[in-house]
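Accompanying notes for the structure given below.
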């Protein structure tokens, strides 16, 4: 689960970290008032979306309007805000469809001496959390990792003990920090790492981490993602969710206990098991088709879930055909066909439907399909089903 | 002879009184009855508070420690819900049980980080979580896989997936290949046992003649495995990597199946494996054929 920059900063500030003074604005009048409240010579007006690249991003409705601007008056703040709020921001991270901007963060300008990068993720290799730091802040970290990997510092730390003071100092000195910045860094790095653990994060990214002229460390920008598996024990964080930033069908699927990711193609898939579902998308593409989605209906496909799965797939106007690929293990194939036929009737499926079944009771299930009187194309194996599904679109 | 699971394996189920726990315990017991009639393979289960009772002929214990003492169990199959599963794993490890197989999907990642830390130097081996389990065909089934899919044979199978593994086993069965042991390592970012340890075991196992690795996007375990294969594995290896069409940054079902910062793509894993001589199937329909091709290349 992602949250906005302004929310991440509020949480990090509560954890003791230093963040710029900022005010949230939801109207252009509020943006003007925020500038006045900050009482500085300048302020930064920042679009709040669940994606990065906002500074270079531009709005669909206003192609010359950047996602982040520096302003020197309340009027300017209001002027930019009026274009930003309610518009769609497209950045290199949002995809072509962009994301709606409904909230702005107006922040004081900072006297930036240096910009660094600080991140915390879970490292699979060491089996625990890891602090990542770099002197190359304010840039895409992937670019840094690609061009100058030696500039990425990594410090795995203990999930129980947190980042120890000497570890924080090691990183600070290796980053070339000096003087009062070292003490600042020791405190901040440990706070960020503890925050990561306390809130069951999957990622905390501070880019840039600003070193001010006075040697203070301030969080320039913050991206925080929470581990979905842990949200059950963080109801307060669940309240921060912004459904406007999420794909509506993905939200609906999640509510029904289905795993769904929308893609760009026109061939819908309904599969049991994540690995098999990914593979079904892959084999569709291999045979010249374009998968419209990933959907894992899970181990217990009952009538309601299968029906909901079809509904969600068909809610995508791009979908011109559906491939159902079920490998029944403990789940019997005839059970799935019963659910499938019931769903077919409930929704009234009008696009070509290719079904491939394998596993327990497959013969009974295939007969049920044949006797159903429904125009369902049967795939004899995975490759055959994929080819038939692609062909059914007339492509 | 197979790896990890053999005729000495005695299984208990943590969470046996839950719906899934009971159902799959019954299925595993039935598998043992069919293949090794008269032998006691699935010997009971644990649910705190239900010790001293019985469920469908399975004795139930309060703790893993008690279960081991009473039944001689050396393997625990865990069907405990996500908020309590890490604790269940740690209890089993603390009781010193040799093999722990955790089926549970949805365990918080940092809980698994805690488990990983606590199990450093442990004599228990953890498989999973978020996995279908392990099967040594004809000997014992410890998990949710349909037993009949896995024919007895000599291919070692290591997979992050569940149903995709069944697909592979079925394809292999169609061309007369079976498994020595099939291990589901699970789809989570932090897991108990990774490819390399199992590759080592299969390489040393006299019953295993070839190995099939099924991977997916996310992390670099397959790339590390490729390096290991280059240095240490002489037996023929085939592979398939799911997720060539997965978009970056999206979690594709499995918690660990996410392309992050451009890393963990199917293409790079495929390339790394091919570079060390692994036969990588181009599509999921060719996994069985890839194994055969890998074996034929060595003849």
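The values are calculated or read from the model by the stated rules, or taken from the named source; none is laboratory data. Model, not experiment: these values are computed from the prediction. Here the Cβ positions follow ideal geometry from the backbone for every residue, glycine too, while neighbour counts run over all protein chains shown.
With a requirement of 3 or more residues that are facing another protein chain (nearest Cβ under 7 Å), the helices (runs of 4 or more DSSP H) lying completely within the range A:216-308 that satisfy it span A:274-286. Would you call residue B:285 at pLDDT 95 or above and away from chain A (no Cβ under 14 Å)? Criteria not met by residue B:285. Given the condition without any contact (Cβ under 8 Å) to a residue 40 or more places away in the chain, outside the structural domain of residue A:140 (by TED's automatic domain parsing) and outside any helix (DSSP H, G or I), answer yes or no: does some residue in the range A:29-37 qualify? No, every residue in the range A:29-37 fails to be without any contact (Cβ under 8 Å) to a residue 40 or more places away in the chain, outside the structural domain of residue A:140 (by TED's automatic domain parsing) and outside any helix (DSSP H, G or I). Look at the range A:309-334 and say how many of its residues are in a loop (DSSP other than H, G, I, E, B), within 14 Å of chain B (Cβ to nearest Cβ) and at pLDDT 90 or above. Selection size over the range A:309-334: 0.
Scanning the range A:366-395 for residues that are in a helix (DSSP H, G or I) and within 14 Å of chain B (Cβ to nearest Cβ) yields A:382, A:383, A:384, A:385, A:386, A:387, A:388, A:389, A:390. I'm trying to understand the selection: among the residues of the range B:231-256, which are more than 7 Å from chain A (Cβ to nearest Cβ), crowded, with 24+ Cβ neighbours inside 10 Å and touching a residue at least 60 places away in the same chain (Cβ under 8 Å)? Across the range B:231-256, the qualifying residues are B:240, B:256. So which residues in the range B:257-285 are touching a strand residue (DSSP E or B) at 6+ places or on another chain (Cβ under 8 Å), crowded, with 21+ Cβ neighbours inside 10 Å and part of a helix (DSSP H, G or I), if there are any at all? Matches in the range B:257-285: B:266, B:269, B:270, B:273, B:284.
For every residue, the table says whether it meets (1) farther than 28 Å from residue B:197 by Cβ; (2) within 18 Å of the chain's Cα centre (by Cα); (3) not assigned by TED's automatic domain parsing to the domain that holds residue B:178.
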site	(1), (2), (3)
B:5	no, yes, yes
B:22	yes, no, yes
B:33	yes, no, yes
B:36	no, no, yes
B:41	no, no, yes
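Where strands (runs of 3 or more DSSP E) fall wholly inside the range A:100-166, the ranges with 2 or more residues that are more than 10 Å from every other protein chain (Cβ to nearest Cβ) and under 29 Å from residue B:218 (Cα atoms) are A:112-123, A:128-134, A:152-156.
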